[in-house]
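The values are calculated or read from the model by the stated rules, or taken from the named source; none is laboratory data. This is a predicted model, so every value here is computed, not measured. Here the Cβ is made from the backbone with ideal geometry for all residues, glycine too, and neighbour counts use every protein chain on show.
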Amino acid sequence: MLPDPPPFGSVIGAFLLAFPALFSIVNPLAGALIFSQVMEGRTPAERTRLARRVGAYSLIVLLCSVWGGVYVLSFFGITLGALRVAGGLVVAIRAWSLLMAPEEHEARKEQQAAPASSADDVAFFPLTLPFTTGPGTIAVAITLGSARPAGGVGLWSFFAGVSAATVVIALIVWLAYSSADRLIALLGANGARVVTRLAAFLLLCIGVQILSNGVQDLLRPIVQG
């Protein structure tokens with residue numbers, strides 16, 4: 001018997017939790033600026049094809065991390081509370097670094113993508129991993145997956161909303177990378193950093209919330225006992 005359709009409001013809530021966190025850490029607007037630089041020697045058709053493949057690969061990486069990351073960690077005996085505390089710290093620290101110094105983050109991404117200028121097939125490595133969805137993005141996605149409800153309709157609502165957020169992020173990556181030259185003309189480096197800082201602040205708030213939930217999970221047995 002199929003589960004009941006998830007409540008629309010719960011799906012939207014999960015989407016609004018996941019989208020700003022993933023958008024901040026993936027940062028497709030700033031990534032598009034770097035993508036344009038490292039793909040400078042490629043034809044427009046080749047850039048568009050690579051952008052489409054990077055978007056598809058990014059979706060696969062994000063979905064696998066959100067849906068399966070928590071269960072992999074549970075296999076190693078890591079509790080949900082511990083995962084939320086660690087993940088919340090990772091998200092908050094990552095957000096703080098993006099908020100304070102987005103230029104350094106962009107420089108690291110540019111170094112990661114540098115080999116792409118001479119490689120034949122670079123859609124997955126390094127353009128998807130680690131350039132677009134690196135270890136920080138995977139950590140954020142796993143942390144978001146750890147915020148899932150215990151079960152029931154709420155679980156389906158949560159994963160429907162989070163999965164929708166990953167699809168939107170992958171579409172934005174595809175469109176931003178495909179339109180990198182136009183984005184450079186529209187936003188410029190400074191405009192992209194403004195968007196990065198605004199999104200990083202939202203990511204910081206989300207990291208603190210996840211950390212708070214994890215602390216409550218760890219303290220609940222002590223308080224009840």
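Assess whether Leu73 counts as being in a helix (DSSP H, G or I), modelled with pLDDT under 90 and touching a Lys or Arg at 6+ places or on another chain (Cβ under 9 Å). Before you say what the answer is, go through the steps one by one.
Details: in a helix (DSSP H, G or I): yes; modelled with pLDDT under 90: yes; touching a Lys or Arg at 6+ places or on another chain (Cβ under 9 Å): no.
Considered against the rule, which asks whether it is in a helix (DSSP H, G or I), modelled with pLDDT under 90 and touching a Lys or Arg at 6+ places or on another chain (Cβ under 9 Å), Leu73 comes out as no.
Do we have any residue at all in the range 157-166 that's surrounded by 17 or more Cβ atoms within 10 Å (Cβ to Cβ) and more than 24 Å from Thr128 (Cα to Cα)?
Within the range 157-166, the first condition is being surrounded by 17 or more Cβ atoms within 10 Å (Cβ to Cβ), and the residues that meet it are 157-163, 165-166.
Keeping just the survivors that are more than 24 Å from Thr128 (Cα to Cα) gives 157-158.
Checked the range 157-166: at least one residue is surrounded by 17 or more Cβ atoms within 10 Å (Cβ to Cβ) and more than 24 Å from Thr128 (Cα to Cα).
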(Q) Looking only at residues that are touching a helix residue (DSSP H, G or I) at 6+ places or on another chain (Cβ under 7 Å), small (Gly, Ala, Ser) and modelled with pLDDT of 80 or more in the range 83-116, which one is farthest from Ala147 (Cα to Cα)? (A) Ala92
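Taking the range 135-162 on its own, how many of its residues are touching a residue at least 24 places away in the same chain (Cβ under 8 Å) and either under 30 Å from Glu46 (Cβ atoms) or of a type outside the set (Ser, Thr, Tyr) (or both)? Working first, answer last.
Taking the range 135-162 and keeping what is touching a residue at least 24 places away in the same chain (Cβ under 8 Å), we get 136-148, 153-154, 156-162.
Keeping just the survivors that are either under 30 Å from Glu46 (Cβ atoms) or of a type outside the set (Ser, Thr, Tyr) (or both) gives 136-142, 144-145, 147-148, 153-154, 156, 158-162.
The total comes to 19.
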Q. Take the residues of the range 58-86 that are in contact (Cβ under 8 Å) with a residue 12 or more places away in the chain and within 13 Å of the chain's Cα centre (by Cα): which is surrounded by the fewest Cβ atoms within 10 Å (Cβ to Cβ)?
A. Leu63
Q: State whether one or more residues within the range 2-10 are at pLDDT 80 or above and either exposed (fewer than 15 other Cβ atoms within 10 Å of the Cβ) or of a type in the set (A, V, I, L, M) (or both).
A: yes
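Does Arg220 meet the test of being of a type in the set (D, E, K, R) and at pLDDT 85 or above? Spell out how you get there, then give the answer.
Values: of a type in the set (D, E, K, R): yes; at pLDDT 85 or above: yes.
Answer is yes for this residue.
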(Q) Condition check: closer than 26 Å to Ile206 by Cβ and at pLDDT 85 or above. Does Val61 satisfy that? (A) yes
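Please verify whether the range 173-182 includes one or more residues that are within 18 Å of Leu98 (Cβ to Cβ) and either at pLDDT below 80 or outside any helix (DSSP H, G or I) (or both).
Initial filter on the range 173-182 (within 18 Å of Leu98 (Cβ to Cβ)): 173, 176.
Checking which are either at pLDDT below 80 or outside any helix (DSSP H, G or I) (or both) leaves us with none.
Looking through the range 173-182, none of the residues is within 18 Å of Leu98 (Cβ to Cβ) and either at pLDDT below 80 or outside any helix (DSSP H, G or I) (or both).
Would you check which residues across the range 31-49 are in contact with a Lys or Arg (Cβ under 7 Å, 6 or more places away or on another chain) and in a helix (DSSP H, G or I) and list them?
Step one: filter the range 31-49 for residues in contact with a Lys or Arg (Cβ under 7 Å, 6 or more places away or on another chain), giving 31, 34, 39.
Gly31, Ile34, listed by residue number.
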Q.
Is it the case, given these coordinates, that Gly207 is surrounded by 15 or more Cβ atoms within 10 Å (Cβ to Cβ), of a type in the set (Gly, Ala, Ser) and under 14 Å from the mean Cα position of the chain (by Cα)?
A. yes
Q. Within the range 121-133, can you find the residues that are in contact (Cβ under 8 Å) with a residue 24 or more places away in the chain and not in a helix (DSSP H, G or I)?
A. Val122, Ala123, Phe124, Thr133
